[in-house]
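Read-outs: derived from the displayed coordinates by stated rules, not from any lab. In this text the structure is predicted, and so the values were computed from the model without any measurement. We place every Cβ from the backbone using ideal geometry, glycine too, and count neighbours over all the protein chains shown.
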Amino acid sequence: MEKVTELMSICLRQKLQTIAHSLLFCTMLAGCGTGALQQNPASTPPQTSQSTTVTQLRIGDAPADQVFSFEVTIASPINLIPSGGGTASAITVNPNRLELTRTAAKMQPIGVMALPPGSYSAAEITIQQPSLVYAKTLLMPNPVTLIDNADGQDQTVRINFNPPLVVGNTPVVLNLDVNLASAIVNDNAGNILGTHFTESSFKIGVQPIGIMGRQQDDDGEFESVTGRAIEVTAAGFVLQTGQTGSRLPFNVDSSTTFSAGLQLANLQEQIVEVQGFTRADGTLYAQKIEALGDQNASQIEGTLTTVGFNIPTLMEFIAQDGTGTGFTSAQVGQDFLTDISGVPSASFTTDFGDCDESALPTPAANFPFDAAHLKGGQRIEIITENGVTQNQPIMASQVRLQQQAISGTVSAFTALPDGTSSFDLLLPADSYVTLLSGQTTIHVVEQSETDNRAGSLANGNVVQVRGLLFWTGTQFNMVARRITQELEP
């Protein structure tokens, strides 16, 4: 039954989820002849034989404009089919619930495994219980923005590789990119009915580990990865990330930077954010570790849908991921009320990650983030020291602005010195940002360190920009972390 919530008077929706699982891709090969991948709980990389290759699995999404939450369960196993036939390499997947829109224009690390080298002609993936949360406009009797949801059917999809996917003998990153826009089923009026995935809904590729200091999201970089630190040893720890259940084994050394008061000895069960990279041998290295909360805290990421209500300090957002006390995978895709009245001004922070902030235009008022500068459509992270209680507003202790990806058409392009630029991003009429905020344009700043994969920009280009979205009180300004060409559905 369709559930419609009027944006101007949104009430807290309770959506029953039947899946309350976590995703575990941190696996290793059980034996040379079986091709089965099993759990590797150690805080060191998989120990591979000469007949296997250390492989890092990452997943991303090219979303639809209306959709701001896309949850899916990936069934076990994912099968890689060898060219010329033979036994498939079966990647064992633990029960999971994964939200993908937050990975738009960014490949998210899922885990480390050992994979037999060779040539693969296809992959078989089973998608279970896909579910969308999206914004739409109801025109009668008066235009009003609504939030709705739609569910899809379970499917097994075979993705054929042409040319074949080749895994060599040196460590690699295996990237699984989902194109949600190509899988959406609409009626004649444009209403979303559900999903239907085909071969064109997935893109799978292999990248060698990138050069240290120059890695990006698809070849080994770890940018602002959040989770709970477990299995702490003298050499490092395992990061269990949100509700994906991913287990990422990070090494540390004397060059690792810890936030104030944090050290390896007290890292166990802390909620932390990690920045780092992948070494040439496939091991994961943590350059910077920031504490977000202790064992009693919770961390939730999501998209703001409403700010203010009749109480200025109340906000509503759709949860995209989270971890900590009281938060489970059943709550991914649900909406939450949060009270920010107790958040000190210093606890409104901007999570730049690897987003270049070295040469932002002045004044600083163009890029504010505080209690007075929040807007529907922004992606945020909430930290609460008291955990999450069902049917109760979340009492936030920190609010952090997060990167997000938004598609649109380039306008008013201006080239600036040192390879920088600024332009306006004209949003589609059905963009969730437009529908949630009422804004039709975002002013984008491209920095010298922006990862521009779209090439030379010009007015009329249709692009996807990932970065930090600031609300000045009158308009959106965005600092670009990455610019890519918009994918066709």
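Using only alpha carbon pairs under 8 Å that are at least six residues apart, calculate the relative contact order of the chain and give it in whole percent.
14 percent
Taking all pairs of distinct Cα atoms, average 1/r, flip it, and tell me the Kirkwood hydrodynamic radius of the chain in Å to one decimal place.
With all distinct Cα pairs of the chain included, I get 22.9 Å.
Based on alpha-carbon positions alone, could you give the equivalent ellipsoid semi-axes of segment 189-337 from the gyration tensor, as √(5λ), descending, whole Å?
31, 24, 13
Measuring from a point 7 Å past the Cα of SER83 along Cα-to-C-beta, which residues in segment 151-176 have an amide N at less than 11 Å?
161-167
What share of Cα pairs, in percent, lie more than 25 angstrom apart in segment 359-466?
Pairs farther apart than 25 Å: 33 percent.
Under the Karplus relation 6.51 cos²θ - 1.76 cosθ + 1.60, θ = phi - 60°, what is the ordered set of whole-Hz ³J(HN,Hα) values for segment 391-408, x standing for Gly and Pro?
Result, rounded to whole Hz: 6, 10, x, 7, 8, 6, 10, 9, 10, 10, 6, 10, 5, 8, 10, 9, 9, x.
Hey, with R₀ at 25 Å, roughly what FRET efficiency would THR257 and SER448 work out to, going by the Cβ-Cβ distance, to 0.05?
Once the sixth-power term is evaluated, E becomes 0.60.
Taking the Kirkwood radius as the inverse of the mean 1/r across Cα pairs, report the Rg/Rh of segment 222-293.
Radius of gyration over Kirkwood radius for segment 222-293 works out to 0.91.
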